[in-house]
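Heads up, the thing below is written out as structure tokens.
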Amino acid sequence: MRDFRRFITAPGILGAFLLGLASCEKEAPAAQWEGEKVTSEAAPPATETPATETPATEATATDGETLRFIAYNVENWLTMDRYIDNQRVNGKPKPESEREAVVTLLARHRPDVIGLCEIGTPEDLTDLQDRLKAAGVDLPHAHHTGGADDTRHLAMLSRHPFASLELHEDLDYELEGRTFGMGRGILDVTVDSPVGEIRFLGAHLKSKREIPEADQEMMRRAEAHLLREQATRILKADPETPLIVYGDMNDTRQSSAVRTLRGPNQGPLKLGMAWLKDDRGETWTHFWSYQDVYSRFDYVFFNNPVTDRALWEECEVIGDDEWAEASDHRALLFIIR
């Protein structure tokens, strides 16, 4: 068990930020890694050395082979109490129209691997898997995992087999004399793909919802540290491991949680941040309808060996018309060769 008070030294952002909209008169590439010269008005100035200064490992794929990865919070693909026509109804699944929108969106972008947040039971995951197969996307390999939250889980669906799975059970931390478990845990899967073995770490950090037991921002920072510990362990064991860390981090890019997760600014332990955009050059991934706020909470991070393997012009925030019906989050598409 870890006491995270010593890691939490500065207040972070307590609310979501409204992201500025990019000018529709200026087109920008779909994605960049942070540190590259940025030309879009929607992106911040570069503040760090490009990750490409560290040589990337040579890809093992033959010409033309790629891995299409989608990271997606599908918003409560599970059974729960819901409000229908302004009435609270107990024990209802995700509405059919929302499930159809998720499947339509995913099928259009032909993922080879999907990292999912907010899946309910293994049966809920099978439901999504079966619907995708019926839509022409066969992802036969599935992994379902979770943490202290017994309602919302992490999952992965893949066209390619899993080379290995690692379960993380020691994910407790201490805040202000109380012990907490990491809510949704950590998904840790290595996929054996045509472009070689790729290791994925998935997470869904503590929400911004206030709770009486502890400060929600400190909890999120503690969970980010647990995830960062796993990434550090992997990269210290083998710095050439192609590593992708992804998920709904429930915080903005300059928050203490995201900074903790990224680690050092240079060297083999650094995690770069994919600066993904939609076809309008906008980077937000989450819409909070109650406050009418758009924020970037969802991320794809990567280590140096992945940098030169990403097809940056094809990576994007998926802004398809179905996004609002499907989820309160937009999906991220990240393609490597």
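Could you check, for the stretch 255-274, whether at least one of its residues is without any contact (Cβ under 8 Å) to a residue 12 or more places away in the chain, among the charged types (D, E, K, R) and out of contact with any Asp or Glu (no Cβ under 8 Å at 6 or more places or on another chain)?
yes
Might you check whether a residue that is among the polar types (S, T, N, Q) and closer than 22 Å to Met273 by Cα occurs anywhere in the stretch 315-330?
Looking through the stretch 315-330, none of the residues is among the polar types (S, T, N, Q) and closer than 22 Å to Met273 by Cα.
Conditions (1) under 28 Å from Met219 (Cβ atoms); (2) surrounded by fewer than 21 Cβ atoms within 10 Å (Cβ to Cβ); (3) among the small types (Gly, Ala, Ser), marked per residue:
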position	(1), (2), (3)
Leu139	no, yes, no
Ala142	no, yes, yes
Gly147	yes, no, yes
His153	yes, no, no
Leu157	no, no, no
Ser164	no, yes, yes
Glu176	yes, yes, no
Thr179	yes, yes, no
Gly185	yes, no, yes
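Take the residues in the stretch 318-330 that are in contact with a helix residue (DSSP H, G or I) (Cβ under 7 Å, 6 or more places away or on another chain) and in a loop (DSSP other than H, G, I, E, B); name whichever of them is surrounded by the most Cβ atoms within 10 Å (Cβ to Cβ).
Within the stretch 318-330, the match that is surrounded by the most Cβ atoms within 10 Å (Cβ to Cβ) is Arg330.
Residue-by-condition table, conditions (1) assigned to a strand (DSSP E or B); (2) on the phi < 0 side of the Ramachandran plot:
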| site | (1), (2) |
| --- | --- |
| Glu118 | yes, no |
| Leu125 | no, yes |
| Lys133 | no, yes |
| His143 | yes, yes |
| Gly147 | no, yes |
| Leu157 | yes, yes |
| Ala163 | yes, yes |
| Leu167 | no, yes |
| Phe180 | yes, yes |
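Applying the selection to the stretch 89-130, what residues are among the small types (Gly, Ala, Ser) and within 19 Å of His204 (Cα to Cα)?
Gly115, Gly120
Taking the conditions exactly as written (within 19 Å of the chain's Cα centre (by Cα), modelled with pLDDT of 95 or more and not β-branched (Val, Ile, Thr)), does Asp320 satisfy them or not?
yes
Condition first: more than 18 Å from the chain's Cα centre (by Cα), modelled with pLDDT of 95 or more and not polar (S, T, N, Q). Can you find one or more residues in the stretch 223-233 that meet it?
Taking every residue of the stretch 223-233 in turn, at least one turns out to be more than 18 Å from the chain's Cα centre (by Cα), modelled with pLDDT of 95 or more and not polar (S, T, N, Q).
Taking the stated definitions as given, is Ala107 out of contact with any Lys or Arg (no Cβ under 6 Å at 6 or more places or on another chain), touching a residue at least 12 places away in the same chain (Cβ under 8 Å), within 28 Å of Ala324 (Cβ to Cβ) and exposed (fewer than 15 other Cβ atoms within 10 Å of the Cβ)?
For Ala107, the condition - out of contact with any Lys or Arg (no Cβ under 6 Å at 6 or more places or on another chain), touching a residue at least 12 places away in the same chain (Cβ under 8 Å), within 28 Å of Ala324 (Cβ to Cβ) and exposed (fewer than 15 other Cβ atoms within 10 Å of the Cβ) - is not met.
Please indicate, with yes or no, whether at least one residue in the stretch 282-290 is charged (D, E, K, R) and within 25 Å of Val189 (Cβ to Cβ).
Taking every residue of the stretch 282-290 in turn, none turns out to be charged (D, E, K, R) and within 25 Å of Val189 (Cβ to Cβ).
Taking the stretch 198-219, which residues are in contact (Cβ under 8 Å) with a residue 60 or more places away in the chain and either over 25 Å from His286 (Cβ atoms) or within 19 Å of the chain's Cα centre (by Cα) (or both)?
Correct list: Ile198, Phe200, Gly202, His204, Lys208, Glu217.
Results for (1) closer than 22 Å to Leu187 by Cα; (2) within 20 Å of the chain's Cα centre (by Cα); (3) polar (S, T, N, Q), shown as yes or no for each residue.
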{"site": "Leu105", "(1), (2), (3)": "no, yes, no"}
{"site": "Glu123", "(1), (2), (3)": "yes, no, no"}
{"site": "Leu128", "(1), (2), (3)": "yes, yes, no"}
{"site": "Ala148", "(1), (2), (3)": "yes, yes, no"}
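I need the full set of residues from the stretch 59-78 which are modelled with pLDDT of 95 or more, assigned to a loop (DSSP other than H, G, I, E, B) and among the hydroxyl-bearing types (Ser, Thr, Tyr), in order please.
Scanning the stretch 59-78 gives a single hit, Thr66.
Output the residues belonging to the stretch 284-317 that are assigned to a loop (DSSP other than H, G, I, E, B) and either in contact with a Phe, Trp or Tyr (Cβ under 6 Å, 6 or more places away or on another chain) or buried (at least 24 other Cβ atoms within 10 Å of the Cβ) (or both).
If the condition is that a residue be assigned to a loop (DSSP other than H, G, I, E, B) and either in contact with a Phe, Trp or Tyr (Cβ under 6 Å, 6 or more places away or on another chain) or buried (at least 24 other Cβ atoms within 10 Å of the Cβ) (or both), then Trp284, Thr285, Arg296, Phe297, Asn303, Cys315 are the ones that fit.
Out of all the residues in the stretch 99-111, is one or more modelled with pLDDT of 95 or more, out of contact with any helix residue (DSSP H, G or I) (no Cβ under 9 Å at 6 or more places or on another chain), of a type in the set (Asp, Glu) and in a helix (DSSP H, G or I)?
No; the residues of the stretch 99-111 include none that is modelled with pLDDT of 95 or more, out of contact with any helix residue (DSSP H, G or I) (no Cβ under 9 Å at 6 or more places or on another chain), of a type in the set (Asp, Glu) and in a helix (DSSP H, G or I).
The values are calculated or read from the model by the stated rules, or taken from the named source; none is laboratory data. Since the model is a prediction, treat every value here as computed from it, not as a measurement. As a convention, Cβ positions derive from the backbone with ideal geometry for all residues, glycine included, and neighbour counts pool all protein chains shown.
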